[in-house]
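A.B. asks: Quick one: the structure is below, and I'll ask about it shortly.
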Amino acid sequence: MDLFIQSLVLGILLGGLYALLAAGLTLYFGVMRVVMIAHSAFLILAAYLAWWFTTNTGLDPLLSLVVTVPLFFVVGVFVQRVLIARLKPATLTMMSVLLTFAIALTIEGLLGFVFSGTQRRIQLPYSGASFEVFGARIAVVKLIAFALAAVALAALYFVLKATRFGQSLRATIQNSEAAALVGIDTKKVAGYGFGIGLATAAVGGTALALDATIYPSLHWHWIGPLMAIIVVGGLGSVPGAAAAAMVLGVSQSLLQIPMGTTWAQTIFYIVLFATLVFRPHGFFGGRLAQRF
Amino acid sequence: MRNASDTAPTTDTGAPTVLRVIRGIQILAVVGAVVGVLVFPLTGPGPFIMSVGVVILSYACMATGWNFVGGFTGYISLGHAAFTGLGGYAVGLLILRAEVSPWLALVLAAVIVAVLSIPIGFASLRVRGASFVIMSLALVLIMLLVFQSWSDVTGGSNGMRVPRPFGPEVLRPEQHERFYYLHVALLVIMLLAWWAIDRSRFGAGLKAIREDEDKAQSLGIPTFNYKLAVYVISAFFTAMAGGLYALWFGFLDPIFQFSILTGSYMVLMSLLGGIRSLFGPALGAAIVGYAIEFFKAQYGDTQFHLVALGLLLGLVVLFMPEGILPSLNRLLDRLRPSATSIREESAEDLATKSAVLVGDKEGTP
C-alpha cells in the first residue's frame, strides 16, 4: 500500500512537469498548426544552461530562470518570425515537423559539441533531502520541480485567460481567419505564442535539471511521451493536454510497480494507438485536429 | 474532349526536336547512372570504399521504400526505421530460431512486417498531418523500447549476431561485392514497382490524395484503402531493405536498428532528391549517404554530423522542398517551346482522371 501511495505521489509530481511541457507543445499547434519536435531539445538545452550556471557560479539553478525565460521567449519569437513564417501555408504542418526536427538535431549536435556526451547532474545542498507524507517519501528536488511547473502553468493560465493578448491567442486557436477578420494581428500572436511556448520549455528544463541526469540525446526520451500526450488530449487544446499529462504521468508511475520502469513507458504509446483508433481527434480537440 | 483542346496549341515548328533533346538528356543521365553503379565494383575500390557503396545503396533502397508512402500520398513518416529494424530482426530471428535459409528468411521477414503494418497503418492513417507524423515517430520509439527490453528474444542491448549467408569462407571484399549487387537488384525491383504504380490508376488516386484528400474522397476514390495499400507495400520493401542490410552487416543493435536518425535520413534523402520523381530518393541517398560517411570518417564520433544533418535538412525544407530532380526538370522546361506542349497534371485533373477510371470500372458513366 505504501508503494502504491508512493507511486501515486511521484506520478502526480511527474504529471505536473508533463502538463507544463505538453501545454507549450499544444500551444504551437493551436495557434500555428506547427508540430514542434524541437520543444524537448530546447528543454534539454535549458537543463544544460541551468547545470552550467550552477556549476560555474555555485548559485541555485532556479536563478538561471531570470535569464533563460526571457532568452527563450526571444528565441521563440525569432524562430517563428525567421524560420516558421517562411513555410507555405498549404504544407505548413508537414514541413514544420521537418524544420523543427532539423532544429532538434542541430541543438543535440551543438550540445554534444560544447558539453560532450558525458552525463551531467547538478549537485545541490538539498539534492539528497527528502521528507515523508502519508507514508510516501518525497525528494525535495521533485517537489520543487513540481512547484515550478505548477507556478509556470498557473502563469500560462493567467496569461491565456486574463490578458488581452491571451484573448487574441485563444481567438486565434479557435478560428484564425475569424480572428484576423476582427482585427487581431495573427502574425504577432503567432510569434508571441511561440515565444511563450519556448519559455515554458525553459522552466521545464530547469525543473528537469534539478533531478535528472542529463545528456544531449535525452530529448528523444521526452518527445515521444509529450507528443502522445498532446494527441491524446486533442491537438491544440491546452486543458486537454494538461489532463492527459496528469492521467498518463500517474498511470506510468503506477504501472512501474508491476511492469518495471522501461515497460511502464509503453503506456503512452498504447494509449496513443488506442486513441487514434477509437477517437482520432483526441479527447478535447475539435474535429479540426484530424485535418492537420 | 478537354484533352484534345489542351494539346492543340502545341507549336509544331521545332518543338519535337527540342523535346527529343530533353528526352535524350534525361535518358543519357539515367543510362550513365546505371552504368556507373554497375561498373563501380569493377574499378577495384578497396574493401572500405566498397562497403560505403553498399551502405549508400542500402540508403537508396530505404529511401525509395519510404517514398511509396511519402511520394505518392504526401504523408511524411518519420518512423520508417521501425520497418527496417523489424525487417532486420525478423530475418535474424527466422535464421537463428526457426533455422530458415537466409534468402527465404529475407522474403518471409518482409511479408511478416507487411502483415504487421496493416494494423499500424489502420491506426495511423485514420489521421492526417500532425497526428500521423507523431504516430510514426511513436512507432519507432516503442519498437526501440520493446527490442531493448525484451532481451530473452532479441538479445536486448547486447544485440544479435546474424549469421553470414555466404558462410565464413567468403572473404570480406567478396562479401561486399555480392551484397552490392544484391542491393542493386532490390533497388531495381523497387524502382520498377514505383514506376508501375506511378502510371497506374491506383497511382493517380494516391496522387489525388496528396493534392486534396477531401476532394479525392468526394470524387469516389476509396482514399483509406488506397493509403493503407501503399503503406503496406512501403513497409514490405522497407523491411526487405532492412533485412538485406542485416544479412550484410551481420549484427543488430536496437539503438541503431530503431533509430529516429535512420528514419529522418530517409525523409531527407527523398526530399532532397525529389519525392515526386522516380529516381529522386536514390539520388538523394547518393548525396546524403556520401555526406554521412564522409562526416563519420572525418569527424569520428563527435556530434558534428548531427549539426550538419540538421542544417542540411533545414535548408532543404526552407529553400528546396520540391527537391533536386524537379528543379532540374523545371530548368529543362525552360528550353521547351511553350508551356502548353506538355501539360502538367493538376490536382483536379488527377482526381477526375482517377474518379473517371474508378467509375468506368464500376460500369457507371
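A.B. asks: Along the positive direction of the dipole of region A:39-179 (beta-carbon charges: Lys, Arg +1; Asp, Glu -1; about the Cα centre), which of A:A152, A:S64, A:S96 reaches farthest?
C.D. replies: A:S96
A.B. asks: Mind listing the Cα extents of chain B along all three principal axes, in Å, largest one first?
C.D. replies: Principal extents (Cα only, largest first): 65, 46, 38 Å.
A.B. asks: Another question, if that's okay. So, in chain B, how many Lys pairs have Cα atoms under 26 Å apart, if the pair is 8 or more places apart or on different chains?
C.D. replies: 10
A.B. asks: Something else: Mean Kyte-Doolittle hydropathy of 1.6 or higher plus an axial Cα length of 18 Å or more: which whole DSSP H helices in chain B meet both?
C.D. replies: On the way: long enough: B:15-39 (36 Å, 1.92); B:47-73 (39 Å, 1.33); B:81-97 (23 Å, 1.41); B:102-124 (32 Å, 2.23); B:129-149 (30 Å, 2.25); B:172-199 (40 Å, 0.24); B:223-249 (38 Å, 1.16); B:260-273 (20 Å, 1.66); B:280-299 (28 Å, 0.76); B:304-319 (22 Å, 2.66); B:347-361 (21 Å, 0.08).
Qualifying helices, which must be both long enough and hydrophobic enough, are B:15-39, B:102-124, B:129-149, B:260-273, B:304-319.
A.B. asks: Still on this structure, please answer the following. Just the number: Rg to Rh for region A:149-200, Cα atoms, Kirkwood Rh, two decimals. Don't skip to the end; give the middle numbers.
C.D. replies: Numbers: Rg = 11.2 Å, Rh = 11.2 Å.
Here the Rg-to-Rh quotient is 1.00.
A.B. asks: With only alpha-carbon atoms counted, please give the Rg and Dmax of region B:18-62, in Å.
C.D. replies: Final numbers for Rg and Dmax: 14.1, 44 Å.
A.B. asks: Continuing with this model, one more query. Please work out the Kirkwood hydrodynamic radius for region A:165-292, using every pair of different C-alpha atoms, and report it in angstroms with one decimal place. Please list the in-between numbers first.
C.D. replies: Values: mean 1/r = 0.0608 Å⁻¹.
In region A:165-292 this quantity evaluates to 16.4 Å.
A.B. asks: Now a separate question. For chain A, find the longest principal axis of its Cα atoms and tell me its angle to the long axis of helix A:2-32, 0 to 90°, nearest 10.
C.D. replies: 20
A.B. asks: Just tell me the longest site-free run in chain B, where the sites are chymotrypsin sites (Phe, Trp or Tyr not before Pro) in a DSSP loop having at most 15 other beta-carbon atoms within 10 Å.
C.D. replies: The reported range is B:167-365.
A.B. asks: Evaluate the relative contact order of chain A (contact order divided by residue number), counting alpha-carbon pairs under 8 angstrom at least 6 apart; express in whole percent.
C.D. replies: About 37 percent, as a whole number.
A.B. asks: If you take the Cα atoms of region A:83-149, find Rg, then find the Kirkwood Rh from the mean of 1/r over all pairs, what is Rg/Rh?
C.D. replies: 1.25
A.B. asks: Take region A:11-118, compute every pairwise Cα distance, and split them into 5 Å bins from 0; I just need the percent in each bin.
C.D. replies: With 5 Å bins starting at 0, P(r) equals 2, 11, 18, 22, 20, 15, 8, 4, 1, 0.
A.B. asks: To check my understanding: the extent here is largest minus smallest coordinate of the Cα atoms along each principal axis. What are those three numbers for region B:50-258, in Å, largest first?
C.D. replies: 60, 35, 27
A.B. asks: What is the helix-to-structure angle for A:92-115, meaning the angle in degrees between its Cα long axis and the longest Cα principal axis of chain A, kept from 0 to 90 and rounded to the nearest 10?
C.D. replies: Once rounded, one gets 40 degrees.
A.B. asks: Return the ratio Rg/(2.2 N^0.38 Å) for region B:176-319, where Rg is computed over Cα atoms only.
C.D. replies: Compared with the compact-globule rule of thumb, region B:176-319 sits at 1.20.
A.B. asks: Restricting to Cα atoms and excluding each atom paired with itself, what does the Kirkwood estimate give for the protein assembly as shown in Å?
C.D. replies: 26.4
A.B. asks: Where the only charges are on Cβ atoms (+1 Lys, Arg; -1 Asp, Glu), what is the dipole of the protein assembly as shown about its Cα centre, to the nearest 20 debye?
C.D. replies: So the dipole magnitude of the protein assembly as shown works out to roughly 920 debye.
A.B. asks: Please give the direction-averaged projected area of the C-alpha convex hull for region A:2-291, in square nanometres with one decimal.
C.D. replies: Answer in nm², one decimal: 15.2.
A.B. asks: Which of B:G87, B:Q217, B:V316 sits closest to the plus end of the dipole of chain B, meaning its Cα is farthest towards the positive end, when Lys and Arg get +1 and Asp and Glu get -1 on the C-beta?
C.D. replies: Of the listed residues, the answer is B:Q217.
A.B. asks: For region A:82-184, which trypsin sites (Lys or Arg not before Pro) pass both filters: DSSP loop (anything but H, G, I, E, B) and at most 10 other C-beta atoms within 10 Å?
C.D. replies: Here no trypsin sites (Lys or Arg not before Pro) fit, given the DSSP loop and packing criteria.
Every number here is computed from the coordinates shown, using simple stated rules; none is lab data. Keep in mind that what you see is a predicted model, and the values were worked out from it rather than measured. Ideal geometry is used to build each Cβ from the backbone, glycine not excepted, and the neighbour counts take in all protein chains shown.
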